[in-house]
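Before any comments, here is the structure.
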Amino acid sequence: MTTIYLVALAFGLTLLVASLVLGGKDTDHGDGGHGHAGDVGFGWAPVASLRFWVFLLAFGGAAGLALTALGSSTLVAAIGAGSIGYAAGMIAVLVIRMLGKNSVSSESYAGELVGMTGTLVLPVAPGEPGKVRVAYKGRAEDFIANLANDDAALPTGTSVLIISKGQDDSVVVALDDARS
């Protein structure tokens, strides 16, 4: 059993350190903790989360090794390792879900900017993207801008209207007639 605990601990710690160093998101069940009526599957269950398995393996493996080293029987060590690992995984998932529900994002997404005006910081021409600066959520954000149609090029400093979201979080702009 010691080998199983060592492998679980090594794998869990490797994943835990990798997630801390590399960052990124949990490969959770995909609905952000907001289950929808009629959905079938395990979206509500913690076992659908990679974070759960990382903590189960890391803490379960460590608990199994510790209990074995303290002279516990194989059964007691296995039950203790499983219980501690499961509890650690559940707590990790629940804490992250609670934090996610109460957090406010200040990130800007191009789709939220439709109807707003901005100022070109790099010129834009047909087939040649530029860059638009938009005052949004209390700060200035820059987005890649493409012209809505094949109008004449617009120079830096031109006021533009964001008319739609483009590809890859870019925006589609047109001359802001109200300010021109």
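The values are calculated or read from the model by the stated rules, or taken from the named source; none is laboratory data. On a predicted model such as this, the values are computed, not experimentally measured, just so you know. Note that we place each Cβ from the backbone using ideal geometry, even for glycine, and neighbour counts take in every protein chain shown.
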For region 88-110: of the residues being touching a Phe, Trp or Tyr at 6+ places or on another chain (Cβ under 8 Å) and farther than 17 Å from A48 by Cβ, which is modelled with the highest pLDDT? A110
Every residue in region 130-157 that is modelled with pLDDT under 90 and part of a loop (DSSP other than H, G, I, E, B), please. K137, G138, A148, N149, D150, D151, A152, A153
Could you check V54 against (1) modelled with pLDDT of 90 or more; (2) loosely packed, with under 12 Cβ neighbours inside 10 Å; (3) of a type in the set (V, I, T) and say which number it fails? (2)
When you look at S159, is it touching a helix residue (DSSP H, G or I) at 6+ places or on another chain (Cβ under 9 Å) and surrounded by 13 or more Cβ atoms within 10 Å (Cβ to Cβ), yes or no? no
Could you please tell me which pairs satisfy a Cβ distance under 9 Å, a separation of 6+ or placement on different chains, a first residue in region 1-24 that is under 15 Å from A63 (Cβ atoms), and a second residue that is hydroxyl-bearing (S, T, Y)? M1/T68; M1/T74; T2/T68; Y5/T68
